[in-house]
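Engineer: What follows is a single structure, and I will ask about it in a moment.
Every number here is computed from the coordinates shown, using simple stated rules; none is lab data. What you see is a predicted model, and the numbers here were worked out from it, not measured in a lab. In this analysis, Cβ positions are derived from the backbone assuming ideal geometry, glycine residues included, and neighbour counts consider all displayed protein chains.
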Amino acid sequence: MNQIILHCDLDAFFAAVEVRDNPDYKDKPVIVGADPKAGKGRGVVSTCNYEARKYGLHSAMPISIAYKKCPYGIYLRPDFTKYQEASEKVMGIINSVSSIFQQVSIDEAYIDISENCRTYEDAFIVAKEIQSRVLDEVGITLSIGCAPTKSIAKIASDFKKPNGITIVKPEKFKEFLSPLDITRIPGIGKKSKEYYNNQGIKVIGDIINTPLHRMIEKFGKNGKWVWDIANGMDKREVKNSMRERKSISKERTFFKDTNDFQEILTKFDEINEKLHKKVKNDNISYKTITLKIRLEGFLTFTRSKTLPNHTQNKEKTIKIILELFKEFSNDKRKIRLVGIKLSNLISRSTIIQKDLLSYLKG
């Protein structure tokens, strides 16, 4: 148990993105899912925010029931393109903290920070930094669990939602787990809970206090699985599962909406510099350059230019960004956010191999 693992879980993700993009939705129940059709809809709730949960709504609830419980909620159809874009930004931030990164869904990921952090106090600082960057750069919140195993980290991330950080040190994990309902363990649902309860096991502490052989006798392989989790014996490592990147991007939100060109230019330079540091470190080149502008009122625009060849030229990139920005330079509305995305990526080694093959064939 010498690993330090973070489980990062976005809070009510789809609904949070909708509230971010529509400030009027703040503090109102927002439900993303099927069309309720005035209580006659046949789909389910995909995600709902915490205001909606006060009415008893939850994910996978039939949309007809949700409407009856909360008829005045804001019901929205999912926009997966928008959610994927937000997810990629969040995952990029998390992955930048540690190369040992495992994304397990659109809204959650593990990272192993054992090499970065010597203590759990250091881990807390890292978790705060991730939360701060995600809020500043993406505009949503996430909760983080930190523990010596993946399973305990996942349980911990759900402990102080939303926007919480829960640290579970190795010497404290049994104290943390013992009073929790057994359904906190991934894999124990409502049906299996009844079976466990009938055998006298209601909280995780009951599992901890039951000998392994008894758990296997009563529950078979599943009994060993939950016993290992409860006793900190989950030896699964964080596995790098990041798919090949399609783009890299960075955005910055101004402290106050601005139309000061010098301030905007400084922000572009800062973003461009950081992107090209990553480009060099990761030995990649790009072909498409995209400008992102968000004006006051959250109106967002993107403009792109694709080059004839792949490059790593930051001077050319900033020149293109400023050319694309000209379209907005006379707009009287102030700017809230600027961003740069580099896409159509390829590794430099691939370019060198292609050039070498071309030379040999020539």
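Engineer: Go through region 269-351 and name the chymotrypsin sites (Phe, Trp or Tyr not before Pro) that are in a DSSP coil and have 15 or fewer other Cβ atoms within 10 Å of their Cβ. Intermediate values should be presented prior to the final figure.
Structural biologist: Values: sites: Tyr286, Phe298, Phe301, Phe325, Phe328; in loops: Phe298.
Of the chymotrypsin sites (Phe, Trp or Tyr not before Pro), the ones in loops of region 269-351 whose Cβ has at most 15 other Cβ atoms within 10 Å are Phe298.
Engineer: Same structure again: Report the trypsin sites (Lys or Arg not before Pro) located in region 221-292 that are in a DSSP loop and have at most 10 other Cβ atoms inside 10 Å of their Cβ, or state none. Write out the running numbers ahead of the final one.
Structural biologist: Values: sites: Lys221, Lys224, Lys235, Arg236, Lys239, Arg243, Arg245, Lys246, Lys250, Arg252, Lys256, Lys267, Lys274, Lys277, Lys278, Lys280, Lys287, Lys292; in loops: Lys235, Arg236, Lys239, Arg243, Arg245, Lys246.
Answer by residue number: Lys235, Arg243, Lys246.
Engineer: Using the basic label-point model (7 angstrom from Cα toward the beta carbon), what is the Arg333 to Arg77 distance in nanometres?
Structural biologist: The two pseudo-label positions are separated by 2.4 nm.
Engineer: Evaluate 2.2 N^0.38 Å with N set to the residue count of region 107-156, then give the Cα radius of gyration divided by it.
Structural biologist: Working: Rg = 11.1 Å, N = 50, 2.2 N^0.38 = 9.7 Å.
Normalised Rg, Cα atoms only: 1.14.
Engineer: Here's another thing I want to ask about it. If you stretched the chain out fully between Asp35 and Asn240, how much longer would it get, using 0.36 nm times the residue separation minus the C-alpha to C-alpha distance?
Structural biologist: Working: separation 205, 0.36 × 205 = 73.80 nm, distance 3.73 nm.
Going from the current span to full extension adds 70.1 nm.
Engineer: When the chain is fully extended, how far beyond the present Cα-Cα distance does Thr183 get from Ser96, taking 0.36 nm per residue of separation? Don't jump to the answer; show the numbers that get you there.
Structural biologist: Working: separation 87, 0.36 × 87 = 31.32 nm, distance 3.24 nm.
Taking 0.36 nm per residue and subtracting the Cα distance, the gain is 28.1 nm.
Engineer: Turning to a different aspect of this structure: Across the Cα atoms of region 233-289, what radius of gyration and what greatest pairwise Cα-Cα distance (Dmax) are found, in Å?
Structural biologist: Looking at region 233-289, its Cα Rg and Dmax stand at 17.2, 57 Å.
Engineer: With Kirkwood's inverse mean 1/r over C-alpha pairs for Rh, give me the Rg to Rh ratio of region 178-230, two decimals please.
Structural biologist: Details: Rg = 9.5 Å, Rh = 10.6 Å.
On the Cα set of region 178-230, Rg over Rh gives 0.89.
Engineer: Based on other C-beta atoms within 10 Å, arrange Cys70, Cys8 from fewest to most.
Structural biologist: Values: Cys70 21, Cys8 27.
In increasing order of surrounding Cβ atoms, one gets Cys70, Cys8.
Engineer: Something else: For the chain, go through all pairs of different Cα atoms, get the mean of 1/r, take its inverse, and jot down that Kirkwood value in Å.
Structural biologist: On the way: mean 1/r = 0.0431 Å⁻¹.
Answer for the chain: a Kirkwood hydrodynamic radius of 23.2 Å.
Engineer: Here is a follow-up. For region 142-149, in order, what is each residue's ³J(HN,Hα) by Karplus, 6.51 cos²θ - 1.76 cosθ + 1.60 with θ = phi - 60°, in whole Hz (x at glycine and Pro)?
Structural biologist: 9, 10, 10, x, 10, 7, x, 9
Engineer: Moving to a separate point now. Largest first, please: the extent of the C-alpha atoms of region 247-352 along each principal axis, to the nearest Å.
Structural biologist: 46, 24, 21
Engineer: In nm, what is the difference between 0.36 nm times the number of residues separating Met233 and Asp269 and their Cα-Cα distance?
Structural biologist: Working: separation 36, 0.36 × 36 = 12.96 nm, distance 4.81 nm.
Result for the pair: 8.1 nm of gain on full extension.
Engineer: Please compare each pair in Lys150/Lys267; Lys40/Lys292; Lys82/Lys160; Lys161/Lys218 to a cut-off of 29 Å on the Cα-Cα distance and tell me which ones are over it.
Structural biologist: Values: Lys150/Lys267 38 Å; Lys40/Lys292 40 Å; Lys82/Lys160 26 Å; Lys161/Lys218 34 Å.
Cα-Cα > 29 Å for Lys150/Lys267; Lys40/Lys292; Lys161/Lys218; rest within.
Engineer: Here's another thing I want to ask about it. Kindly provide the trypsin sites (Lys or Arg not before Pro) of region 66-132 that DSSP labels as loop, not H, G, I, E or B, and whose Cβ sees at most 12 other Cβ atoms within 10 Å. List each step's numbers first, then the result.
Structural biologist: On the way: sites: Lys68, Lys69, Lys82, Lys89, Arg118, Lys128; in loops: Arg118.
Those that pass, being in a loop and sparsely packed, are Arg118.
Engineer: Pick from Arg20, Arg42, Arg336 the residue whose mean-square fluctuation is largest in a GNM of the chain, springs joining Cα atoms under 10 Å.
Structural biologist: Arg42
Engineer: Okay, moving on. Using helices alone, I'd like the mean residue ellipticity at 222 nm for the chain: each DSSP H run of four-plus residues gives -39500 (n - 2.57), total over residue count, nearest 500.
Structural biologist: On the way: 13 runs with 155 residues, N = 362.
-13500 deg cm²/dmol, from helical runs alone.
Engineer: A further question follows. Can you work out the PRE-style zone for Ser114? Point 7 Å along Cα to Cβ, and I want the residues of region 138-175 with backbone N under 13 Å.
Structural biologist: The answer is 147-150, whose backbone nitrogens lie closer than 13 Å to the label point.
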